[in-house]
1. Among the candidates THR79, THR63, single out the residue that is farther than 23 Å from SER261 by Cβ, surrounded by fewer than 20 Cβ atoms within 10 Å (Cβ to Cβ) and within 13 Å of the ligand (Cβ to nearest atom).
2. Select, from ASP182, ASP172, ASP164, the only residue that is open to solvent by less than 40 Å² (accessible area, probe 1.4 Å), over 30 Å from ASN33 (Cα atoms), touching a Pro at 6+ places or on another chain (Cβ under 7 Å) and acidic (Asp, Glu).
3. Just the residues that are out of contact with any strand residue (DSSP E or B) (no Cβ under 7 Å at 6 or more places or on another chain), in a helix (DSSP H, G or I) and open to solvent by 30 Å² or more (accessible area, probe 1.4 Å), please, taken from the range 345-357.
4. Scan the range 118-129 and tell me whether some residue there is under 21 Å from the mean Cα position of the chain (by Cα), buried (at least 23 other Cβ atoms within 10 Å of the Cβ) and under 19 Å from PHE287 (Cβ atoms).
5. For a quick check of your reading of the model, give me the residue pairs whose first member lies in the range 251-272 and is in contact (Cβ under 8 Å) with a residue 40 or more places away in the chain, whose second is open to solvent by 20 Å² or more (accessible area, probe 1.4 Å) and of a type outside the set (S, T, N, Q), with beta-carbon atoms closer than 7 Å and at least 6 apart or on different chains.
6. Could you please tell me which pairs satisfy a Cβ distance under 6 Å, a separation of 6+ or placement on different chains, a first residue in the range 197-219 that is polar (S, T, N, Q), and a second residue that is at pLDDT 95 or above and more than 16 Å from the ligand (Cβ to nearest atom)?
7. Since VAL87 meets every condition but one in (1) open to solvent by less than 40 Å² (accessible area, probe 1.4 Å); (2) over 30 Å from GLY231 (Cα atoms); (3) away from the ligand (no atom under 16 Å from the Cβ), which condition does it not meet?
8. Would you confirm whether any residue within the range 284-292 is of a type in the set (Lys, Arg), surrounded by 14 or more Cβ atoms within 10 Å (Cβ to Cβ) and over 23 Å from LEU46 (Cβ atoms)?
Amino acid sequence: MIYEDYYIFTPGPVAMSQETLDIGAKQTPYFRNQPFSEVTFRCEALLKKMLNAPEGSKVIFLTASGTAGMEATVMNLLTKDDNALVVNGGGFGQRFVDICAVHNIPHHDFKVENTNLSNISDSAPDQDFTALIVNAHETSVGHLYDLQALGDYCKKHSLLNIIDAISMFVTDSIDMQKHNIDVVIASSQKGLALPPGLSMVILSPKALAKIHPVQSLYFDYQDCLKNAERGQTPFTPAVTIMLQLHARLEQIERDGGITQSIENARKIAEYFRTQAKDLPLKEYSRFMPNAMTTLMPTDGKSATDIVNDMENDYKIMICPNGGALADTVFRVSHMGHMTKDYTDVLIKALHDYYGKS
Ligand SMILES: *Cc1c(COP(=O)(O)O)cnc(C)c1O
């Protein structure tokens, strides 16, 4: 099979644990029954616990990749009477801008560069907004925004705070109550280290109150919430990924909870960055999350060539940045079932590549 024996350091999909792989190899069970409802309820409870969701929050499971969670949230929570401040620091911020445009949601395209927005109170445009929409970790460039500053800004101006946490949940800190967050969008194939195809949207009571009827059968949050009361989804869910999610969340709980999961990611990222210091590579972002390292070659080598050489000569998958940065910056993910030993494979390969082994 393609890439089966490759080492995976791409920012999604990511390396999965043996437990997750084993569940994926089994038959898919029937799901309109109490045992499966219990799985859904348990996933909901664990997600809310890990995010410190406020009392009365609810979780919606969508059988689709993360972008569906982004689009469905905009459709179900915002209307033409809103005005959304959309942080656009790269490809994923642009996606939220495009979603708002498609659904005729008034919005401001807030282009930002090389900032973690800790100064948002001063830098945001002076308009009457009703919502803030942000990708907590802008994966296209590797910037992690300051969730506390964003949350404080939302509280001060009474904005609905919508956070796409897809590429930082379980590797970096996010707390719905501490950071005044109303919506968290997560998906399966990043830090959660599951196959792609499942999105989770965690909604605070304030967000739940904003839900309204939509022109969509499949992405209707009212229908989703009605079914969620009995631990079900309106249509066939990604049953196997739900079972894998359940196992993965229990695994995180068993291994010390979300705090430990974040600490592990922090240590791995720090280890990798320290070990790469003697190579002709420079860190691109000043605001890197634990989830990912962005590196720039300082010896004139093309980032895309390095990515291709790693794949062809070492069976290691890393990833160039998108767009204009493709030749100057590449990305190394620390998300997933990541260990020091696994990271050593990449560190050794890079040293060998630069003749430093
Ligand atoms: C990966 C990712 C998504 C989701 O992309 P899909 O291809 O739809 O899974 C959304 N936001 C961010 C920040 C991401 O990194």
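The values are calculated or read from the model by the stated rules, or taken from the named source; none is laboratory data. All values reported here derive from a predicted model rather than from experimental measurement. So basically every Cβ, Gly included, is an ideal-geometry build from the backbone, and we count neighbours across all protein chains shown. Heavy atoms of the whole protein, side chains included, go into the accessibility calculation; ligands, DNA and RNA do not. Shrake-Rupley method; radii C 1.70, N 1.55, O 1.52, S 1.80 Å.
1. Answer to the selection: THR63.
2. Answer to the selection: ASP172.
3. LYS348, ASP352, TYR353
4. Checked the range 118-129: no residue is under 21 Å from the mean Cα position of the chain (by Cα), buried (at least 23 other Cβ atoms within 10 Å of the Cβ) and under 19 Å from PHE287 (Cβ atoms).
5. Note: pairs meeting the criteria are GLN251/GLU19; ILE252/ILE258; ILE268/MET338; ILE268/LYS340; TYR271/LYS340.
6. From the range 197-219, the pairs are SER204/PRO54; SER204/SER57; SER204/ASP182.
7. So VAL87 meets the others, but not (3).
8. No; the residues of the range 284-292 include none that is of a type in the set (Lys, Arg), surrounded by 14 or more Cβ atoms within 10 Å (Cβ to Cβ) and over 23 Å from LEU46 (Cβ atoms).
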